[in-house]
Amino acid sequence: MDANSLQSLHHPLLKHQYLHYPSLDASPLCIFLKSTTAAYPSLSFKFTSHLTAFASSVTSSSTSSVTTSSAISFDLLDQYLSSRNFRQADEETRRLLIVLAGEAAVKRGYVFFSEVQFISESDLQTIDRLWRENSDNRYGYSVQKKIWGKSGRDFTNFFRRVGWMKKLDSEVEQYNYIAFPDEFLWDMKDDTPLGHLPLTNALRGTQLLNSILTHPSFQLTEEEADLFTVAEKGSEGNKEGKNQSTKPTISKNFKADYSF
């Protein structure tokens with residue numbers, strides 16, 4: 001394989017490495033490629049020149065990406081949450097995630113689950129922190145992750161525990177997604193389920209929510225786990241979820257629209 005083929009093959013990966021490592025030479029991929037070209041001296045000079053040219057070509061776009069991310073303001077989200085305007089805060093959270101996911105997500109108007117990995121830990125942690133701080137640790141992605149874990153990572157049980165589903169009046173135990181936005185609890189009360197907000201699209205499946213909850217941002221510290229336990233003990237809605245051990249059936253006659 002010549003140097004041109006090598007560059008063509010790894011061009012997308014090089015861009016990803018460049019965007020995530022201030023020094024392209026220090027990225028794992030480039031270290032690997034350089035060790036490979038070391039074994040083939042004839043490729044070394046060409047690879048180095050291609051790498052230099054590539055780094056120069058993506059500098060402006062990568063700088064713009066980093067600047068855009070670091071320049072995103074969370075003030076509006078903080079404002080909505082501090083005033084307990086949870087519905088507007090949920091809309092702002094949705095908007096922020098789309099912007100943070102990148103230009104493609106902005107153009108289509110929603111986030112692909114595969115794009116979540118490119119959202120920085122600090123940005124997701126900021127969103128989560130604001131939700132927790134303004135809800136007495138009852139709302140936020142890290143709270144939802146804890147509930148999801150206690151639900152055996154079963155999304156049906158998770159949706160039921162956070163109040164995203166309602167029990168139907170039928171002989172067989174069945175649940176439907178609650179209607180958005182009218183049936184959601186936008187005012188936080190004593191009986192509002194723990195982890196009820198923020199919402200995440202359930203209409204197109206659970207992959208997006210799975211990607212958010214498994215993001216490295218939400219590895220709970222011991223202190224955060226303790227805060228969650230305190231909030232959980234004070235949540236009557238979660239107690240009801242704990243007492244039900246049977247797995248409910250989801251009715252297929254209703255479609256939710258938790259647009260993301």
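Structure notes:
- Count of residues meeting criterion [buried (at least 16 other Cβ atoms within 10 Å of the Cβ), under 19 Å from the mean Cα position of the chain (by Cα) and either assigned to a helix (DSSP H, G or I) or charged (D, E, K, R) (or both)] in the range 69-80: 3
- Any pair with Cβ under 8 angstrom, 6 or more apart, that starts in the range 131-153 at a residue that is closer than 21 Å to K189 by Cα and modelled with pLDDT of 95 or more and ends at one that is small (G, A, S) and open to solvent by 40 Å² or more (accessible area, probe 1.4 Å): N134/S82
- Pairs, first closer than 14 Å to S217 by Cβ in the range 95-124, second in a helix (DSSP H, G or I) and open to solvent by 40 Å² or more (accessible area, probe 1.4 Å), C-beta under 6 Å, six or more apart: E121/P216
- Restricted to the range 171-227, and to residues there that are small (G, A, S) and at pLDDT 90 or above, the residue that is nearest to Q125 (Cα to Cα) is S217.
The values are calculated or read from the model by the stated rules, or taken from the named source; none is laboratory data. Model, not experiment: these values are computed from the prediction. Virtual Cβ from ideal backbone geometry, glycine too; neighbours counted across all protein chains shown. Remember, those area values only see protein heavy atoms, side chains included, never the ligands or the DNA or RNA. Shrake-Rupley method; radii C 1.70, N 1.55, O 1.52, S 1.80 Å.
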